[in-house]
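Every number here is computed from the coordinates shown, using simple stated rules; none is lab data. No experiment lies behind these values; they were computed from the predicted model shown. Glycine gets a Cβ as well: all are built from the backbone with ideal geometry, and neighbour counts include every protein chain shown.
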Amino acid sequence: MIELLQNLIDGLGRGSIYALLALGVAVVFGVMHLLNFAHGELITISGYAAYAAGQQGWSWYIIAPLIVVCAVVASLVIERVAFSRVRGESDFTLLLTSFGVHFVVSAAFLLYVSASVKTYPRPGWVTNTYSVGPLNIEVFDTVVIVVTIVTLIATTMLLQRTMFGLALRAASADFDTARLMGVKSDSVIRGAFALSGLLAGIAGVFWLMRAGSTTPSAGIDPMLKGVLAALIGGLGSLRGAVLGGFALGLAEVLLRSRLPDSIASLTEGVIFVLIALLFIFRPQGLITVAHAERV
Amino acid sequence: MKLKTLIALFAIFTLLAAACGDDDGDDASVDADDMADDGDDMADDGDDMADDGDDMADDGNDMADDGDDMADDGDDMADEPHTDDSVDIAGILAADLDNCADAPSGDPIRVGMAMDFSDVVGFVDIPGSNLVPFVADLANCVGGINGRPVEVRVAEVGDDAALATEELLDWGAHFLIGPPFADFALPILQTTEGQVPLFVAASTEPTLADASINSYLVTFDDHQMSSAAANWALDQGITRAIVFTEGEGVPYTGVNPDAFAAAFIAGGGEVVSTQNYVWFVDTDFSAQVNEIAGISDNTEVVFSAALGYQVTALRGQLEGQGLDGLTYIGTDALDATGIQVEDNNEGIAHTPHTSISPGDPIDSLLAHYEAVNGEALESRGFMALYVDSMFLGIQAMLDCGCDEPAQIGEAVQQISGFQGLSGEITYAGTNGIPPKAVPINRIVNGEDVLVDTRS
């Protein structure tokens, strides 16, 4: 029972990061119908920024905001350089463009930085724990969960109580009608990419803090987790993305801990089987979004 | 109008590219002759490199003082009397690019490198494919090999290793140096049909070695490496082990833990926990750590083939649970992924291919490369394997006095007691896996030092 509780806390910590990643994917999908496979590259770019800052001996109090700023700027640059050129094209074109961005960013770091793993110091408190009764809880998990909750509340307020949020939600519901009603497409799309970058940046801080390293392909895993979580939750649904992130994190930790040793290496495979089963019974994901299109 | 201008410009550039291009190869190819020219140009920049060359020669004389086995190997190499039928490695490495002998004019010895520059193994293949042409320059600087120049061509395998191999074979490569993983090495072997010697320089994958199809490891295999780690742990008085694996029989990430566990149990130890993880990816080991916390008595050895940042992340989480008495040992992957520069690495042991001490021939060579090219090579512990691959192929050519790849392969199979930069290499009587000593390194007071060598 204690171990189960421990696993639940670990799963929530992991799921929090996935939720932030999935939310970033869902925000962009909502306005552009773009399943952004380049989302993980925001973490790759931020990872190299963290590495460069680490080389200079900078503190994580500086590195963390730097990561967020890098992710936002990178997201806007990618939108400007790549996605704005294919705006209005078919979903398939957008999808291929996102793959293209992923490969170009990855190859650029490979060619112009290094194929080797680049490491930087993690903050010392990342592995600290504290006890609550019989439970040993990681400080890191606690911080991640708290920051995620605050971020989700702030995002909800942004979407519900600001003109930008209203425009974004309107564009997500029906982009063409929103434009006819006076919503500026450029602004709302750039705003969506900036918000997506911000969420990726916050997730990236924790992802990179835990990893302590980066490589040219460092973005693949966060991208997969973010896209998977968004799919599980119901593509296009912001609430679903958060739910999907937590579900994926909990499933990973619980399966790895609970599966018999002889098949524990199949954890990832079992998760994909579960996702496949989910889509058989609920093709729309956990939360139904009437206007979303599945890619 | 604009479009027409663009089309015209494109056509002009295409014609120019066609006119200036090399008929033989693509952009990824590097000829050693070109590299030699570059080296000479750079050599003209100052006197520093001449001094470096002298320093290197001095370093070579000092090697015997180092005391460890690897340095002894290097010393043997330097003392080895040079004859026309043995590669004068010490002489080549001492070459002064400022004062080269007359350029060799015989038929070239052609070394083909089919390399993977992706982030899968680019961390070793990229620096390896920079260093080998440099060593070819040094060889040519001292008059080549018996008057024959050494040419190196690098072909990036991309997603088509067979095509890269065909390019090298069409060029006339006498033997090949290949990437470490089966994904690329196997298509290369299918393309050569086993008729051209292939040295899979940085690989420890036992299934890639097969002398009958001319495929050779240049270093110890997974079984030797992890058995050495297990026996070293037992000798430290540790009798309980926690093993991290990607699954039984999985190449490298499963085979190494399998071999470690087998040797550890055979030596009287007990594997108290086997944990799964995802290589390259996992840095959150919460689930595994919770389980280990319930069974550990804080004295175990933790073994994995994980990467440097994974081991230090795991260690941090285990220590966070109060498990600060564990001993960590890993494979050559730790050497490739910067365990030397990781935080929280004190006491971690690993099995590099070459334990480099200041003044070793490979250390001097890498310093020479840096002085000439202005940048240091990464994955230093692997570099000797690439250089040895080239020298092994050349040695086989000298032994058989032949240029036919199949005959060269037969000569490779007879090589015995070859003194390379990475230690002694013997293929005679093996299936292509040289029985080499395994260095055990450990981070002591922040320094990565050799603590043992296991045969």
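Annotations
- Rounded if a/c under 1.5, otherwise prolate or oblate - the stretch A:1-92, Cα gyration tensor axes: oblate
- Mean partner shielding of peptide A:133-142, defined as the number of other chain Cβ atoms within 10 Å of each residue Cβ, is 2.
- Candidates A:E252, A:E41, A:E268: whichever shows maximal mean-square fluctuation once chain A is modelled as a Gaussian network with Cα springs under 10 Å: A:E268
- Residue order, fewest to most beta carbons within 10 Å, for B:L217, B:L377, B:L334, A:L195: B:L377, A:L195, B:L217, B:L334
- Structural descriptor for chain A: relative contact order 38 percent, calculated from alpha carbon pairs under 8 angstrom and at least 6 residues apart.
- Paramagnetic reach from A:F279 (point 7 Å along Cα→Cβ, amide N under 17 Å) across the stretch A:229-261: A:229-237, A:241, A:244-245, A:248
- Helical segments meeting 24 Å axial Cα length and Kyte-Doolittle -1.0 threshold in chain A (DSSP H): A:2-32, A:60-81, A:91-112, A:139-161, A:185-211, A:238-258
- Here the Gaussian network model covers chain A, with springs between Cα atoms less than 10 Å apart; of A:G54, A:G240, A:G15, A:G54 fluctuates the most.
- Where labels lie 7 Å past Cα in the beta-carbon direction, separation of A:R169 and B:E270 in nm: 6.1
- In this structure, A:V69 and A:R161 have a Cβ-Cβ separation that, at R0 = 25 Å, corresponds to a calculated FRET efficiency of about 0.55.
- Each Lys and Arg contributes +1 and each Asp and Glu -1, all at the Cβ; summed about the Cα centre of the protein assembly as shown, the dipole is approximately 7080 debye.
- Separation between Cα centres of the stretch B:345-394 and the stretch A:1-55, rounded to whole Å: 37
- Volume per residue of the C-alpha convex hull in the stretch A:2-281, rounded to whole Å³: 142
- In this simple spin-label approximation, A:V77 and B:V250 carry label points 7 Å from Cα along the Cα→Cβ vector, and these lie 3.5 nm apart.
- Look at the alpha carbon pairs under 8 Å that are at least 6 residues apart: their mean separation over the length of the stretch B:181-315 gives a relative contact order of 21 percent.
- Values of log10 I(q)/I(0), in the order q = 0.21, 0.22 Å⁻¹, for the stretch B:350-455 under a Debye, Cα-only, solvent-free model: -1.11, -1.16
- Arranged from fewest to most other beta-carbon atoms within 10 Å of their beta carbon, B:Y309, B:Y216 become B:Y309, B:Y216.
- Spherically averaged projected area in nm², based on the convex hull that wraps the Cα atoms of the stretch B:203-320: 7.8
- Each residue of the stretch B:304-310 was assigned a 3J(HN,Hα) from its phi angle through the Karplus expression (A = 6.51, B = -1.76, C = 1.60, θ = phi - 60°), giving 7, 9, 6, 7, x, 5, 6 Hz with x at Gly and Pro.
- Residues whose placed amide H lies under 5 Å from that of B:V301, excluding near-sequence neighbours: B:R240, B:A241, B:I242, B:T327
- Rounded to whole Å, sorted largest first: equivalent-ellipsoid semi-axes of the protein assembly as shown, Cα gyration tensor: 48, 34, 22
- Within 10 Å of each Cβ in A:109-117, the average number of Cβ atoms from other chains: 6
- Working from label points 7 Å from Cα in the Cα-to-Cβ sense, the A:L8 to B:T299 distance is 3.7 nm.
- Neighbour-limited loop hits for trypsin sites (Lys or Arg not before Pro), the stretch A:146-232 (at most 14 other Cβ within 10 Å; DSSP other than H, G, I, E, B): A:K184
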